[in-house]
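Notes follow the structure.
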Amino acid sequence: MSRRPKGVLGRSDYGRRLELSAEVVVVGSGAGGGVIAAELAEAGVDVLLIEEGGWYDTQDFTPDASAAIRRLYRDGGASMTIGNPPVIFSEGRMVGGSTVINGGMSWRTPEAILARWQRDDGVDAIDPAAMDRYFSRVESFIHTAQQDPESASRDNELLREGAERKGWKVVPNIRNQVHCAGTNNCAFGCPTAAKRSVLVTYVPRALAFGARIYSDIRVHRVTFEGSRATGVEGTITGPGGGPVRVQAKSVVVACGAIHTPVLLMRSGFLSPSGRLGTDLSLHPNTKVQALMGEDIYAWKGVHQAYQVREFQEEGVVFAAVNVPPAILAMTVPHYGKGLMDLMQDYHRILNAGLLLEDETTGRVRLGPGGIPLPFYALSDRDGERLVNATTTLCELLFEAGAQKIASPFEGVPDLRGPDDLKILRQREVPKSALELFTVHMMGTARMGSDPKRHVCDSYGKVYGADGLWVTDASLFPSPIGVNPMETIMALATRNADRLLETRPWLG
């Protein structure tokens, strides 16, 4: 592991216990926590940022997927919701959070979503004009841009060509990158720092303005005096980790839609709305593997260069995403000789997936030992939408030149051509036949104008508590249908403005 910069501490720097203090303590260092910490620190606030994971730097990121998953992902990237079917979800756990291991897609919140939040949830000043300065500020730091043409991989070009032949809308991806070299290592940390994650943008800003970052600390609860948050308590991770106590005038929780509500539940906090942990949305994804009629070497190029947006108004987006061979072999519905035959043609495989703006909502409960238990029962309608959209994605891949598509659903044979799709569209596919995954967990601490319906106000202040704020995707009143990173970052910037206007730590 690389040497930590000044201002970043880790397990080896600590004694048996830690007693710390700050004006503001921020729990979580990703798209929400890292951003708000930098914004507050730049304004002269004494900020302490706590991260459960460790510190890793650009030189630590290699194509060794197995090592990266152990180091950078919570639970090896294989957490799971309880429901039919279960949904596998992945979260980053290191300084910089999931921005270090995501694909870098940087999209503003669709205007229709902002309008919905304003209309249905009474979120204040959330229209595109009001949000423009926050999006612009974020984009200036993370350098949102289209890919250099040379970095587009052949699998992405085939996806684009197939969509264009169908007459479908396809758009170049906007990513937080500076001259990305197309190493296709996004999910395991960018080895060139071209991807402008929080680790290489907002974290250095926070440190430059005096913030302190304490990694390798698991926060167990927020402390209160009456209804006022007074700090956090936790432990140093690892064998024999000692206790940690932080006293603060204000607490910002940015642990994500799964862990933020559970942290507040462990702290004994009861939301006046009774909705803490509810309204969990996931953007469930399905994927298919197509054997193309040419060598495509999909690992040679950017993670995602294009998105097919033809069906965005129906809540569906398509993309091509290369998957390392070990992980692909674990997830395809093939075994024995069938799996061996498929993997021998790995250089011809185009892995494509879709994102669904779900209508289903689940919830997160407090489990034994204080762990989160996420429940998510996919609705019949969303199940049908996923089956139909996956079949349409297969149609696109055959148009792009696929010779065979590995079975997209359990119990369905491999697809050999467009005629098989006609049969598939007439076949009833149960929800249990779907293999679902996601990296977009949203909701569970919804923002809005009504303390009886929402957990937080329009700027992340928690109803029923003083000095307690939330700034991550748990604030979303609904799913947004696109990659959520930039929305989280813009809301964090906006929430920082409100904190700086009110400065509750001075009260």
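The values are calculated or read from the model by the stated rules, or taken from the named source; none is laboratory data. If you're wondering where the values come from, they're calculated on a predicted model, not measured in any experiment. We place every Cβ from the backbone using ideal geometry, glycine too, and count neighbours over all the protein chains shown. Just so you know, the surface numbers come from the protein's heavy atoms only, side chains and all, with ligands and any DNA or RNA stripped out. Shrake-Rupley method; radii C 1.70, N 1.55, O 1.52, S 1.80 Å.
Looking at Ile69, Ile82, just one residue is of a type in the set (Val, Ile, Thr) and under 26 Å from Gly182 (Cβ atoms), and that residue is Ile69. Residues considered: Leu386, Leu373. Of these, the only one that is touching a residue at least 24 places away in the same chain (Cβ under 8 Å) and either assigned to a helix (DSSP H, G or I) or touching a Ser or Thr at 6+ places or on another chain (Cβ under 6 Å) (or both) is Leu386. Looking only at region 167-177, decide whether some residue is within 30 Å of Ala112 (Cα to Cα) and part of a helix (DSSP H, G or I). No, because not a single residue in region 167-177 is within 30 Å of Ala112 (Cα to Cα) and part of a helix (DSSP H, G or I).
Report yes if Val95 is modelled with pLDDT of 95 or more, within 24 Å of Leu72 (Cβ to Cβ) and open to solvent by less than 10 Å² (accessible area, probe 1.4 Å), otherwise no.
Yes: the conditions hold for Val95.
Mind listing whichever residues of region 389-415 are part of a loop (DSSP other than H, G, I, E, B) and surrounded by 13 or more Cβ atoms within 10 Å (Cβ to Cβ)? Break it down stepwise before answering.
Step one: list which residues in region 389-415 are part of a loop (DSSP other than H, G, I, E, B), which gives 400-401, 406-414.
Matches in region 389-415: Ala400, Gly401, Ala406, Ser407, Pro408, Phe409, Glu410, Val412, Asp414.
The criterion of being of a type outside the set (D, E, K, R), farther than 18 Å from Arg137 by Cβ and open to solvent by less than 10 Å² (accessible area, probe 1.4 Å) does not hold for Val439. For region 322-367, a residue qualifies if it is closer than 24 Å to Gln312 by Cβ, in contact (Cβ under 8 Å) with a residue 60 or more places away in the chain and either surrounded by fewer than 18 Cβ atoms within 10 Å (Cβ to Cβ) or among the β-branched types (Val, Ile, Thr) (or both), and the qualifying residues are Thr360, Thr361. Return yes when Lys300 is part of a helix (DSSP H, G or I), basic (Lys, Arg) and over 17 Å from Phe409 (Cα atoms) and no when it is not. For Lys300, the condition - part of a helix (DSSP H, G or I), basic (Lys, Arg) and over 17 Å from Phe409 (Cα atoms) - is not met. Against the criterion of being surrounded by 24 or more Cβ atoms within 10 Å (Cβ to Cβ) and either at pLDDT 95 or above or under 22 Å from the mean Cα position of the chain (by Cα) (or both), Gly277 qualifies. Being open to solvent by 70 Å² or more (accessible area, probe 1.4 Å), closer than 30 Å to Ser267 by Cα and in contact with a helix residue (DSSP H, G or I) (Cβ under 7 Å, 6 or more places away or on another chain) is a property that Arg221 has. Might you check whether a residue that is β-branched (Val, Ile, Thr), farther than 28 Å from Ala496 by Cα, outside any strand (DSSP E or B) and open to solvent by less than 30 Å² (accessible area, probe 1.4 Å) occurs anywhere in region 191-203? The answer is no; no qualifying residue exists.
Residue by residue, here is whether (1) within 21 Å of the chain's Cα centre (by Cα); (2) open to solvent by 40 Å² or more (accessible area, probe 1.4 Å) holds:
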site: Ser12; (1), (2): no, yes
site: Ala22; (1), (2): no, no
site: Val35; (1), (2): yes, no
site: Ala41; (1), (2): no, no
site: Phe61; (1), (2): yes, no
site: Ala68; (1), (2): yes, no
site: Ser79; (1), (2): yes, no
site: Gly83; (1), (2): yes, no
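Scanning region 283-297 for residues that are over 19 Å from Phe409 (Cα atoms) and touching a helix residue (DSSP H, G or I) at 6+ places or on another chain (Cβ under 6 Å) yields Met292, Asp295, Ile296, Tyr297. Every condition in (1) farther than 24 Å from Ala78 by Cβ; (2) in contact with a Leu (Cβ under 7 Å, 6 or more places away or on another chain); (3) open to solvent by less than 30 Å² (accessible area, probe 1.4 Å) is met by Arg385 except one, and the failing one is (3). Which count do you get for residues in region 61-70 that are touching a residue at least 60 places away in the same chain (Cβ under 8 Å) and out of contact with any helix residue (DSSP H, G or I) (no Cβ under 8 Å at 6 or more places or on another chain)? Counting residues in region 61-70 that are touching a residue at least 60 places away in the same chain (Cβ under 8 Å) and out of contact with any helix residue (DSSP H, G or I) (no Cβ under 8 Å at 6 or more places or on another chain) gives 0.
Gly238 fails exactly one of the following numbered conditions: (1) out of contact with any Pro (no Cβ under 9 Å at 6 or more places or on another chain); (2) open to solvent by less than 10 Å² (accessible area, probe 1.4 Å). What is the number of that condition? Exception for Gly238: condition (2).
Residues that are surrounded by fewer than 24 Cβ atoms within 10 Å (Cβ to Cβ) and not acidic (Asp, Glu) within region 449-476 comprise Ser449, Pro451, Lys452, Arg453, Ser458, Tyr459, Lys461, Tyr463, Gly464, Ala465, Gly467, listed in sequence order. The residue of region 103-123 that is surrounded by the most Cβ atoms within 10 Å (Cβ to Cβ), among those that are part of a loop (DSSP other than H, G, I, E, B) and in contact with an Asp or Glu (Cβ under 8 Å, 6 or more places away or on another chain), is Ser106.
On inspection, Gly481 fails the criterion of being in a loop (DSSP other than H, G, I, E, B), open to solvent by 30 Å² or more (accessible area, probe 1.4 Å) and either more than 21 Å from Gln118 (Cβ to Cβ) or not aliphatic (A, V, I, L, M) (or both).
The residue list Val323, Val262, Val364 contains one member that is assigned to a loop (DSSP other than H, G, I, E, B) and either aromatic (Phe, Trp, Tyr) or under 18 Å from the mean Cα position of the chain (by Cα) (or both), which is Val323. The residues on offer are Ala187, Ala206, and the sole one that is crowded, with 21+ Cβ neighbours inside 10 Å, in a helix (DSSP H, G or I) and at pLDDT below 95 is Ala187. Within region 137-163, the set of residues being touching a helix residue (DSSP H, G or I) at 6+ places or on another chain (Cβ under 9 Å) and in a helix (DSSP H, G or I) comprises Arg137, Val138, Glu139, Phe141, Ile142, Leu158, Leu159, Glu161, Gly162, Ala163.
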